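Asks: Structure provided below as structure tokens; questions to follow.
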Amino acid sequence: MIARDEEAHLGAAIASVRNIAGEVIVVDTGSRDRTRQIAQQLGARVLCVAWQDDFSLARNAALAAARCDWILSLDADQQLDAASVPALSSALSRPALAQLVQIDLLGENPQQPPVSSFPALRLFRRDERIRFRGRVHEDIAGSLLDVGFAQWPDSGIRLRDAGYVKASERERKRARNLRLLEQARAENPRDLFVAFKLATTLPASRCEERHAILAQALSMVCQLDPKELGALPFRYRLFSEAIDDLVEKGCLAEASARCRSLYPLLGLGSYFTAGRALARAGIADLSFDLLKAYLDLPARKSCCVTLADAGESAAEACRWLGWLAFVQGQSTQARAWLERALRCATADEAVAIECDAMRLNLAAGDLPSATKELQRLSPRVHTSRSAYCELMLLSAELSLVAGERAGALPLIRAAMTPRDDRPAALLATLAIANNDSSEEHLRELLPAVVGRRFDTLAVRVRLADRLGVPVAFEIPEATRRCLVHLPRVST
């Protein structure tokens with residue numbers, strides 16, 4: 001491991017591996033606290049390497065000093081989960097050059113489930129050809145691909161990471177990583193991995209820069225030959241981030257065009273991302289084919305570090321298929337897809353899916369059934385922010401069907417969130433239909449109605465038309481069809 005000023009964490013990190021490690025090597029990059037002394041007291045071999053704004057340089061110094069057959073690379077604020085020790089024994093008997101471990105990011109309460117988890121290449125054979133690359137977000141994937149080793153099995157090992165528990169520490173590391181990524185991009189502006197990591201590290205205040213970087217990266221991907229494209233271990237995540245970025249700007253036609261051109265090149269790992277984007281744009285047939293093909297894939301394990309779309313799941317795919325059937329008036333098929341979604345959903349996903357099922361009842365005019373189901377789900381309103389917003393929005397929709405517009409308005413406002421423009425679109429639709437909102441209020445609503453689906457995009461277009469604001473991108477055909485049914489705001 002490499003460390004600097006890690007006296008608070010280092011002891012626990014070393015203690016988690018000292019009974020199984022043939023040796024512990026700590027590369028100190030300039031500590032001003034007791035990091036070196038603690039490491040030495042616990043039997044580690046300590047190397048001092050001056051910090052040069054390069055994580056790979058420091059990690060590779062540790063690799064060069066290693067003498068055992070296998071390397072487990074830790075951060076100083078990570079611990080090997082004790083339950084992983086049997087898996088480690090099995091992993092070391094595999095013929096693989098490298099294996100994935102799962103890193104669990106802990107929240108403020110370490111006893112609670114991890115905030116998030118992700119795979120990383122941290123267990124590998126000692127081999128002079130295997131070295132870390134990158135100033136920051138360093139990994140060994142590139143060197144493994146160079147020697148022709150592209151299949152990375154899951155070791156079954158988990159690391160518990162306490163480095164992001166405190167908000168101040170998260171911000172410090174984010175600022176540090178951002179600085180190093182900007183430095184790396186200045187050195188090599190055509191490095192796709194650096195572009196991908198920089199775009200996903202930029203703060204919200206620099207969204208236009210993020211958009212430009214991702215757009216350039218997608219254009220570069222389109223120019224790669226199949227072999228080069230297949231060698232990018234982060235290709236699917238880059239694709240999903242770039243497509244999601246277009247969706248976040250309401251550019252559904254451009255997102256679907258990119259999906260049409262790239263999914264045949266990217267293959268199976270892109271089907272969920274492309275299918276969801278095409279569903280948002282109302283391109284039903286191709287979206288259905290891709291999402292169905294995704295669900296029909298055999299169970300597969302990640303074979304590269306950032307393989308999947310972050311939002312990918314079987315339940316989400318089924319939910320989008322249910323929504324496509326719903327907007328096409330196929331209620332029986334919609335209900336079947338939602339029932340399938342529930343069978344594989346997490347607790348958090350289940351609330352949104354059950355709300356969609358209740359919307360089917362509303363569409364069929366069955367207000368009593370929808371109301372009864374909402375009452376059953378209401379105790380789960382505080383289980384998560386997303387569950388709260390879904391239930392508030394559905395409550396508002398029920399109120400509107402019951403003719404209680406005044407009661408619906410505060411519920412809609414309570415459901416509003418930056419990642420979901422359905423509540424804002426519903427507010428705008430009511431304003432349009434009743435012609436009872438000032439131009440100032442409509443201007444306040446416009447930024448919130450992003451247009452992340454073809455139906456909410458129609459509301460945005462109608463608002464923009466009323467306010468004389470140009471829509472500077474192509475409108476999907478499904479959105480144009482929606483506009484026929486949306487009333488205009490009187491001038």
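The values are calculated or read from the model by the stated rules, or taken from the named source; none is laboratory data. Remember, predicted model here, so these are calculated numbers, not experimental data. Using ideal geometry, Cβ is built from the backbone for each residue, glycine included, and neighbour counts are taken over all protein chains shown. Heads up: the accessible areas ignore ligands, DNA and RNA and are worked out on the full protein's heavy atoms, side chains in. Shrake-Rupley method; radii C 1.70, N 1.55, O 1.52, S 1.80 Å.
Asks: Please verify whether Arg67 is touching a helix residue (DSSP H, G or I) at 6+ places or on another chain (Cβ under 8 Å), surrounded by fewer than 18 Cβ atoms within 10 Å (Cβ to Cβ) and either closer than 24 Å to Ile157 by Cα or modelled with pLDDT of 95 or more (or both), treating the condition exactly as stated. Even if it seems obvious, please write down each step before you answer.
Replies: On the way: touching a helix residue (DSSP H, G or I) at 6+ places or on another chain (Cβ under 8 Å): no; surrounded by fewer than 18 Cβ atoms within 10 Å (Cβ to Cβ): yes; either closer than 24 Å to Ile157 by Cα or modelled with pLDDT of 95 or more (or both): yes.
Judged against the criteria, Arg67 is not a match.
Asks: Look through Leu121, Leu97, Leu144, Leu92 and report the one residue that is within 13 Å of Leu74 (Cα to Cα), modelled with pLDDT of 90 or more and hydrophobic (A, V, I, L, M, F, W, C). Quick ask: steps written out before the conclusion?
Replies: On the way: Leu97 fails: within 13 Å of Leu74 (Cα to Cα); Leu144 fails: within 13 Å of Leu74 (Cα to Cα); Leu92 fails: within 13 Å of Leu74 (Cα to Cα).
Unique residue meeting the criteria: Leu121.
Asks: Being open to solvent by less than 60 Å² (accessible area, probe 1.4 Å), more than 16 Å from Gly468 (Cα to Cα) and part of a helix (DSSP H, G or I) is the filter here; which residues of the stretch 429-456 pass it?
Replies: Thr429, Leu430, Ala431, Ala448, Phe454, Asp455, Thr456
Asks: Does the stretch 358-378 contain any residue that is touching a Pro at 6+ places or on another chain (Cβ under 7 Å), closer than 30 Å to Leu295 by Cα and part of a helix (DSSP H, G or I)?
Replies: No, the stretch 358-378 contains no residue that is touching a Pro at 6+ places or on another chain (Cβ under 7 Å), closer than 30 Å to Leu295 by Cα and part of a helix (DSSP H, G or I).
Asks: Regarding Ala277, is this residue buried (at least 22 other Cβ atoms within 10 Å of the Cβ), of a type in the set (Gly, Ala, Ser) and closer than 27 Å to Glu316 by Cα? Step through it out loud before you land on a result.
Replies: On the way: buried (at least 22 other Cβ atoms within 10 Å of the Cβ): yes; of a type in the set (Gly, Ala, Ser): yes; closer than 27 Å to Glu316 by Cα: yes.
Taking the combined requirement at face value, the residue satisfies it.
Asks: Let me ask something else about it. Scan (1) under 30 Å from Val194 (Cα atoms); (2) at pLDDT below 95 for the single condition Ala274 breaks and write down its number.
Replies: (2)
Asks: If we scan the stretch 231-245, do we find a residue that is within 26 Å of Ala76 (Cβ to Cβ), at pLDDT below 90 and touching a helix residue (DSSP H, G or I) at 6+ places or on another chain (Cβ under 7 Å)?
Replies: Kept after step one, since they are within 26 Å of Ala76 (Cβ to Cβ), are these residues of the stretch 231-245: 233-234.
If we keep only those that are at pLDDT below 90 too, we end up with 233-234.
Among the residues that remain, those that are also touching a helix residue (DSSP H, G or I) at 6+ places or on another chain (Cβ under 7 Å) are: 233-234.
Yes, the conditions are met somewhere in the stretch 231-245.
Asks: Confirm whether Pro487 is modelled with pLDDT under 90, open to solvent by 20 Å² or more (accessible area, probe 1.4 Å) and either in contact with a strand residue (DSSP E or B) (Cβ under 9 Å, 6 or more places away or on another chain) or within 22 Å of Ser386 (Cα to Cα) (or both).
Replies: Numbers: modelled with pLDDT under 90: yes; open to solvent by 20 Å² or more (accessible area, probe 1.4 Å): yes; either in contact with a strand residue (DSSP E or B) (Cβ under 9 Å, 6 or more places away or on another chain) or within 22 Å of Ser386 (Cα to Cα) (or both): no.
For Pro487, the condition - modelled with pLDDT under 90, open to solvent by 20 Å² or more (accessible area, probe 1.4 Å) and either in contact with a strand residue (DSSP E or B) (Cβ under 9 Å, 6 or more places away or on another chain) or within 22 Å of Ser386 (Cα to Cα) (or both) - is not met.
Asks: Condition first: open to solvent by 50 Å² or more (accessible area, probe 1.4 Å), assigned to a helix (DSSP H, G or I) and of a type outside the set (Phe, Trp, Tyr). Can you find one or more residues in the stretch 415-425 that meet it? I'd like the intermediate steps shown before the answer.
Replies: Pass one, the stretch 415-425, residues open to solvent by 50 Å² or more (accessible area, probe 1.4 Å): 416, 418-419.
Next cut, assigned to a helix (DSSP H, G or I) only: none.
No, the stretch 415-425 contains no residue that is open to solvent by 50 Å² or more (accessible area, probe 1.4 Å), assigned to a helix (DSSP H, G or I) and of a type outside the set (Phe, Trp, Tyr).
Asks: Would you check which residues across the stretch 99-127 are of a type in the set (S, T, N, Q) and assigned to a loop (DSSP other than H, G, I, E, B) and list them? Spell out the reasoning first.
Replies: Taking the stretch 99-127 and keeping what is of a type in the set (S, T, N, Q), we get 99, 102, 109, 111-112, 116-117.
Once the filter is applied, which keeps residues that are of a type in the set (S, T, N, Q) and assigned to a loop (DSSP other than H, G, I, E, B), the stretch 99-127 yields Asn109, Gln111, Gln112.
Asks: Determine the pairs where a residue that is under 17 Å from Leu246 (Cβ atoms), located within the stretch 183-211, has a partner that is of a type in the set (Gly, Ala, Ser) with Cβ atoms under 7 Å apart, the partner being 6 or more residues away or on another chain.
Replies: Ala195/Ala217; Phe196/Ala217; Arg210/Ala199
Asks: Taking the stretch 128-154 on its own, how many of its residues are touching a strand residue (DSSP E or B) at 6+ places or on another chain (Cβ under 9 Å) and either farther than 25 Å from Glu23 by Cβ or not in a strand (DSSP E or B) (or both)?
Replies: Going through the stretch 128-154, the residues touching a strand residue (DSSP E or B) at 6+ places or on another chain (Cβ under 9 Å) turn out to be 130, 132-133, 139-144, 149, 152-154.
Cutting the leftovers down to either farther than 25 Å from Glu23 by Cβ or not in a strand (DSSP E or B) (or both) gives us 130, 132, 140-144, 149, 152-154.
Going through the stretch 128-154 one residue at a time, the tally reaches 11.
Asks: Give me a count of the residues in the stretch 72-87 that are in contact with a Phe, Trp or Tyr (Cβ under 9 Å, 6 or more places away or on another chain) and open to solvent by 20 Å² or more (accessible area, probe 1.4 Å). Spell out how you get there, then give the answer.
Replies: We begin by selecting, within the stretch 72-87, every residue in contact with a Phe, Trp or Tyr (Cβ under 9 Å, 6 or more places away or on another chain); these are 72-73, 77.
Next cut, open to solvent by 20 Å² or more (accessible area, probe 1.4 Å) only: 72.
Of the residues in the stretch 72-87, 1 are in contact with a Phe, Trp or Tyr (Cβ under 9 Å, 6 or more places away or on another chain) and open to solvent by 20 Å² or more (accessible area, probe 1.4 Å).
Asks: For Ser93, which of the numbered conditions (1) small (Gly, Ala, Ser); (2) closer than 22 Å to Arg18 by Cα; (3) touching a strand residue (DSSP E or B) at 6+ places or on another chain (Cβ under 9 Å) fails to hold?
Replies: Among (1) small (Gly, Ala, Ser); (2) closer than 22 Å to Arg18 by Cα; (3) touching a strand residue (DSSP E or B) at 6+ places or on another chain (Cβ under 9 Å), the lone unmet condition for Ser93 is (3).
Asks: Another question, then. Consider the stretch 44-62. How many of its residues are within 21 Å of Ile130 (Cβ to Cβ), in contact with an Asp or Glu (Cβ under 8 Å, 6 or more places away or on another chain) and either modelled with pLDDT under 95 or outside any helix (DSSP H, G or I) (or both)?
Replies: 3
Asks: Having 1 or more residues that are farther than 23 Å from Leu291 by Cα and of a type in the set (Ser, Thr, Tyr) is the bar; report the helices (runs of 4 or more DSSP H) wholly within the stretch 174-275 that clear it. Full working, then the answer.
Replies: On the way: elements: 192-201, 207-222, 226-230, 235-248, 252-266.
The qualifying helices (runs of 4 or more DSSP H) are 192-201, 207-222.
Asks: Which one is modelled with the lowest pLDDT among residues in the stretch 291-334 that are of a type in the set (A, V, I, L, M, F, W, C) and open to solvent by 60 Å² or more (accessible area, probe 1.4 Å)?
Replies: So the first thing to find is which residues in the stretch 291-334 are of a type in the set (A, V, I, L, M, F, W, C), and the list is 291, 293, 295, 297, 299, 303-305, 307-308, 310, 314-315, 317-318, 320-321, 323-327, 334.
Going one step further and asking which of them are open to solvent by 60 Å² or more (accessible area, probe 1.4 Å), we end up with 299, 310, 326-327.
On the way: Ala299: 59, Ala310: 74, Phe326: 95, Val327: 93.
Filtering first and then ranking leaves Ala299.
Asks: Could you tell me which residue of the stretch 358-378 is modelled with the lowest pLDDT, considering only residues that are open to solvent by 20 Å² or more (accessible area, probe 1.4 Å), under 21 Å from Thr417 (Cβ atoms) and not polar (S, T, N, Q)? If you could, list the steps in order and put the result at the bottom.
Replies: Within the stretch 358-378, the subset open to solvent by 20 Å² or more (accessible area, probe 1.4 Å) is 359, 361-369, 371-376, 378.
Next cut, under 21 Å from Thr417 (Cβ atoms) only: 359, 374, 378.
Going one step further and asking which of them are not polar (S, T, N, Q), we end up with 359, 374.
Working: Arg359: 94, Leu374: 90.
Out of the qualifying residues, it is Leu374.
Asks: What number of residues within the stretch 395-410 are more than 24 Å from Val461 (Cα to Cα), assigned to a helix (DSSP H, G or I) and not small (Gly, Ala, Ser)? Full working, then the answer.
Replies: Here is the first cut: in the stretch 395-410, the ones more than 24 Å from Val461 (Cα to Cα) are 395, 398-399, 401-404, 406-407, 410.
Next cut, assigned to a helix (DSSP H, G or I) only: 395, 398-399, 401, 406-407, 410.
From what is left, the residues that are not small (Gly, Ala, Ser) are 398, 401, 410.
Adding up the residues that qualify gives 3.
Asks: Tell me which residues, restricted to the stretch 194-225, are under 16 Å from the mean Cα position of the chain (by Cα), closer than 17 Å to Gln183 by Cα and either of a type outside the set (S, T, N, Q) or open to solvent by 40 Å² or more (accessible area, probe 1.4 Å) (or both).
Replies: Of everything in the stretch 194-225, those that are under 16 Å from the mean Cα position of the chain (by Cα), closer than 17 Å to Gln183 by Cα and either of a type outside the set (S, T, N, Q) or open to solvent by 40 Å² or more (accessible area, probe 1.4 Å) (or both) turn out to be Phe196, Lys197, Leu198, Ala199, Thr200, Leu202, Pro203, Arg210.
Asks: What is the residue count in the stretch 335-352 for residues that are in a helix (DSSP H, G or I), under 17 Å from Lys292 (Cα atoms) and either open to solvent by 40 Å² or more (accessible area, probe 1.4 Å) or at pLDDT below 95 (or both)? Let's see the steps before the verdict.
Replies: So the first thing to find is which residues in the stretch 335-352 are in a helix (DSSP H, G or I), and the list is 335-343, 347-352.
Those left that are additionally under 17 Å from Lys292 (Cα atoms): 335-343.
Applying the additional criterion that residues be either open to solvent by 40 Å² or more (accessible area, probe 1.4 Å) or at pLDDT below 95 (or both) yields 335-336, 339-340, 342-343.
Result for the stretch 335-352: 6.
Asks: Within the stretch 151-165, track down each residue that is in contact with a helix residue (DSSP H, G or I) (Cβ under 7 Å, 6 or more places away or on another chain) and open to solvent by less than 50 Å² (accessible area, probe 1.4 Å). Before you say what the answer is, go through the steps one by one.
Replies: Here is the first cut: in the stretch 151-165, the residues in contact with a helix residue (DSSP H, G or I) (Cβ under 7 Å, 6 or more places away or on another chain) are 155-158, 163-164.
Selection gives Ser155, Gly156, Ile157, Gly163.
Asks: What number of residues within the stretch 33-43 satisfy the criterion of being under 15 Å from Glu6 (Cα atoms), open to solvent by 40 Å² or more (accessible area, probe 1.4 Å) and not in a helix (DSSP H, G or I)?
Replies: Of the stretch 33-43, the ones under 15 Å from Glu6 (Cα atoms) are 33-42.
Applying the additional criterion that residues be open to solvent by 40 Å² or more (accessible area, probe 1.4 Å) yields 34, 36-37, 40-42.
When the remaining residues are screened for being not in a helix (DSSP H, G or I), the result is 34, 42.
Qualifying residue count, the stretch 33-43: 2.
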